[in-house]
Amino acid sequence: MKLRGLYAITDSQLLAGGKLLPYVEAALEGGARLLQYRDKSDDDARRLREAEALRDLCLRHGAQLIINDDLELATRLGVGLHLGQQDGSLSAARALLGPRVVIGATCHGQLELAEQAAADGASYLAFGRFFDSSTKPGAPPASPELLEEARARFAQPLVAIGGVTLDNAPELIARGAAMVAVINALFAADSAAEVERRARAFSQLFEDS
Ligand SMILES: Cc1ncc(COP(=O)(O)OP(=O)(O)O)c(N)n1
Ligand SMILES: Cc1nc(C(=O)O)sc1CCOP(=O)(O)O
Ligand SMILES: [Mg+2]
């Protein structure tokens, strides 16, 4: 599948209280192409249940589910995986999951990390945090200009993450982001209808560019 467009990421706090499935469905209806299940808890049974439900939703919408951090869960469900610098070996994950599965890598603001991730078989290269993020305020910063350098250097699609909003996403896309990964500006909403409206607006940015 073409890796371009809105990349929605779940958040356990924002989607608590029964919002996970309706809000994710709204994001997919609004055009999200990738969905990352990001849950830092150790409740394995709930994580499996939720990830299975998200996989089914993604299948119905022609989107791709990506599991954050957890190679075992991604392997079990036969879906994609996102790995940060502390999350285990990317090349080992690639060897286990095979050449077709989407595996993304966190590269912060460093082209050297992206070089390594590309050599290890990453499907996309994620840079950030580009702006202040209430979800992950301590994530290392990156400058939007970096995307232009990365675009010139790598064949892999680039993901921009960290404080991305409808206002600042156009600059990131213009500089080379093939996807914008969004939590707060998508899911901190009062209703599923509002999530769908926002997802449509993010998706439209890629039609315009
Ligand atoms: C698309 C995308 N990019 C970056 C990250 C951050 O990954 P990581 O550095 O491993 O941090 P956690 O998300 O695990 O807290 C991501 N999850 N997704
Ligand atoms: C999970 C994550 N990783 C980041 C990084 O820079 O690696 S920033 C981030 C949080 C993204 O959420 P929001 O859209 O609410 O800022
Ligand atoms: Mg991680």
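Points worth noting:
- Taken together, the residues in the range 80-100 that are hydrophobic (A, V, I, L, M, F, W, C) and surrounded by fewer than 19 Cβ atoms within 10 Å (Cβ to Cβ) amount to 3.
- Among the candidates ILE173, ILE183, the residue that is modelled with pLDDT of 95 or more, within 23 Å of HIS82 (Cα to Cα) and touching an Asp or Glu at 6+ places or on another chain (Cβ under 6 Å) is uniquely ILE183.
- Residues of the range 54-76 that are at negative phi, without any contact (Cβ under 8 Å) to a residue 40 or more places away in the chain and open to solvent by 30 Å² or more (accessible area, probe 1.4 Å): ARG55, ASP56, LEU59, ARG60, HIS61, ASP70, LEU71, GLU72, THR75, ARG76.
- Enumerated helices (runs of 4 or more DSSP H) restricted to the range 71-138, each holding at least 1 residues that are over 17 Å from GLN36 (Cα atoms): 90-97, 111-119
- Test set (1) open to solvent by 20 Å² or more (accessible area, probe 1.4 Å); (2) closer than 20 Å to ASP42 by Cβ - ALA119 fails condition number: (2)
- Test set (1) among the small types (Gly, Ala, Ser); (2) out of contact with any Ser or Thr (no Cβ under 9 Å at 6 or more places or on another chain); (3) open to solvent by less than 20 Å² (accessible area, probe 1.4 Å) - GLY5 fails condition number: (2)
The values are calculated or read from the model by the stated rules, or taken from the named source; none is laboratory data. Predicted model, so just to flag it, every value in this text is computed and none were measured. Please note: Cβ atoms are built from the backbone with ideal geometry, for glycine as well, and neighbour counts cover all protein chains shown. Only protein heavy atoms, including side chains, enter the accessible area calculation; ligands, DNA and RNA are left aside. Shrake-Rupley method; radii C 1.70, N 1.55, O 1.52, S 1.80 Å.
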